[in-house]
Structures are given as C-alpha cells and as structure tokens.
C-alpha cells in the first residue's frame, strides 16, 4: 500500500497528463496497418506510398488513408516528390514528449 505523499504525487501527475491527446495517439496506433506503417517509416527513411503499399499488400488508397491519420496526429510527415508521396517519421520535440508521457518516462 502506498503512503499519502506518493498518493498525492500520483493524483497530481494525473491532472497534468493530457488524457485526450493520449487517447488520440492510442487510437491512431490501434490499427495494425497504421502501427506497421509507423514502424516501417521509423526504421526506413523516406518510404514512398507505393513502397508501403507493396510491402503491406495494401492498395494505394488504403495506405494513403492510414498515412493521413498518422500525419494528423503528428507521428509522421509527408513529403511530395513530383507525383510521389513519401512518409518520414516526425522527429520533433513535441512528438517525443507525447510518446514519453504516454509510456510514463520522465524528461
């Protein structure tokens, strides 16, 4: 059983935690294809829409739809190269802080 000081600290941290933002991120990562796309984009720089579609055996529109969702929550960014769209893991302080908060890390 925890003491009162620890209990107060836990309650205080809950108030600071951005619950709604966390829920949005978890919903974005709940789909297995989106999770795979994020993982692939994290491990491989600048994967294009067609590359992801071939790797995952999905249609271009399906990958595009999943990519839009990942872009909207700030996990990836898209880059247009002529007619080709490529995705890149978004390495930003804001996204890193979100993920650290989600998994309980301290910064």
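Only the coordinates and a few stated rules stand behind these numbers; no lab work does. What you see is a predicted model; the values in this text were computed from it and never measured. Please note: Cβ atoms are built from the backbone with ideal geometry, for glycine as well, and neighbour counts cover all protein chains shown.
Summary table below
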{"quantity": "Three-way shape call for the range 1-88 based on the alpha-carbon gyration tensor, with the a/c threshold at 1.5", "calculated": "prolate"}
{"quantity": "Residue order, fewest to most beta carbons within 10 Å, for 63, 41", "calculated": "41, 63"}
